[in-house]
Amino acid sequence: MNPSFWARKTHKWIGLVIGVQALLWMISGVYMTAISLDVIHGDHLAHVVDEPLKRDKPRIDVARIGELYPGFEALKLKTFIGKEVYEVRHGGKTHLLDARDATLLSPLSREQILERAKEVYQGEAQVREVTWVTKAPQEVAKRPVPMWAVRFDDRADSTFYFSPSTGDLLARRHDLWRLFDFLWMLHIMDYDTRADVNNTLLRVAAGSGLVFALSGLWLVFYSFRRRNQA
């Protein structure tokens, strides 16, 4: 049978199968290049800058922390909602202490997280809700739980996720990020974790696309060859 017959058949059927995915690749690719990554990361929504430490502020001696947490693995002095605190890593856990008297602050309360969220938020909207999260939603699936989620009443449905142990901002999420994440899932064809760029489905689709392109090249070559013979 004429080789061009099989090339045309292969090209047609692979085109039908891969065409939809190719369209999704192009749509997602356009979005990813059109929207700045700084916007996707939410840099415009939060401004996280620790206040400079002052030399003359009263602080407990580090030796006292050593007595409270013998053999601690790490120690950090920082500011948190206007006060100096020690962040102590001990026994695989992190504790937040008031730097003046070693009062234990963690786990941080709803009111403290709310104050922290208002401190870093760069918008004008009010807080819609503050939620204690024990099972991470898809948009922060890789972040450790439990955590605090603070949702703002803005058009982007901005949500900040905070660590209850350190008060650190773990993630910023908003609708442009969520759309990016959805399109990224379609782009890499990982519908489970949305992170595996080496999954089998993507390999099959990419391989099929290559066969589609090669069969098209064969048809172009064959059509020129027939024209020359005529």
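Structure above, values below:
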| quantity | calculated |
| --- | --- |
| Residue pairs meeting the criteria (Cβ under 6 Å; at least 6 apart or on separate chains; first within 17 Å of residue 141 (Cα to Cα), in segment 187-205; second of a type outside the set (Phe, Trp, Tyr) and open to solvent by 30 Å² or more (accessible area, probe 1.4 Å)) | 190/196 |
| Residues of segment 87-132 classified as within 24 Å of the chain's Cα centre (by Cα), among the polar types (S, T, N, Q) and open to solvent by less than 90 Å² (accessible area, probe 1.4 Å), total | 2 |
| Count of segment 161-202 residues which are under 12 Å from the mean Cα position of the chain (by Cα) and in a strand (DSSP E or B) | 5 |
| Residue check for residue 70: open to solvent by 60 Å² or more (accessible area, probe 1.4 Å) and closer than 12 Å to residue 167 by Cα | no |
| Qualifying positions in segment 11-68 - within 30 Å of residue 187 (Cβ to Cβ) and over 25 Å from the mean Cα position of the chain (by Cα) | 11, 12, 13, 14, 15, 16, 17, 18, 19, 20 |
| Index of the failed condition, residue 167 passing every other in (1) on the phi > 0 side of the Ramachandran plot; (2) open to solvent by 40 Å² or more (accessible area, probe 1.4 Å) | (2) |
| Conditions (1) within 25 Å of the chain's Cα centre (by Cα); (2) open to solvent by 40 Å² or more (accessible area, probe 1.4 Å): number failed by residue 77 | (1) |
| Tally, over segment 12-67, of residues that are open to solvent by 90 Å² or more (accessible area, probe 1.4 Å) and of a type in the set (Lys, Arg) | 4 |
| Out of 24, 108, 37, sole residue that is of a type outside the set (Asp, Glu) and farther than 24 Å from residue 169 by Cβ | 24 |
| Residue in segment 206-222 that is farthest from residue 139 (Cα to Cα), counting only those that are modelled with pLDDT under 75 and open to solvent by 50 Å² or more (accessible area, probe 1.4 Å) | 221 |
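Yes/no matrix, rows are residues, columns are (1) closer than 20 Å to residue 171 by Cα; (2) in contact (Cβ under 8 Å) with a residue 40 or more places away in the chain; (3) in contact with a Pro (Cβ under 9 Å, 6 or more places away or on another chain):
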| position | (1), (2), (3) |
| --- | --- |
| 70 | no, no, no |
| 77 | no, no, no |
| 83 | no, no, no |
| 88 | no, no, no |
| 91 | no, no, no |
| 97 | no, no, no |
| 123 | yes, yes, no |
| 136 | yes, no, yes |
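The values are calculated or read from the model by the stated rules, or taken from the named source; none is laboratory data. Here the structure is a predicted model, which is why all the values come from computation and not from measurement. Reconstructed Cβ throughout: ideal geometry from the backbone, glycine too, with neighbour counts over all protein chains shown. Note: areas computed on protein heavy atoms with side chains; ligands, DNA, RNA excluded. Shrake-Rupley method; radii C 1.70, N 1.55, O 1.52, S 1.80 Å.
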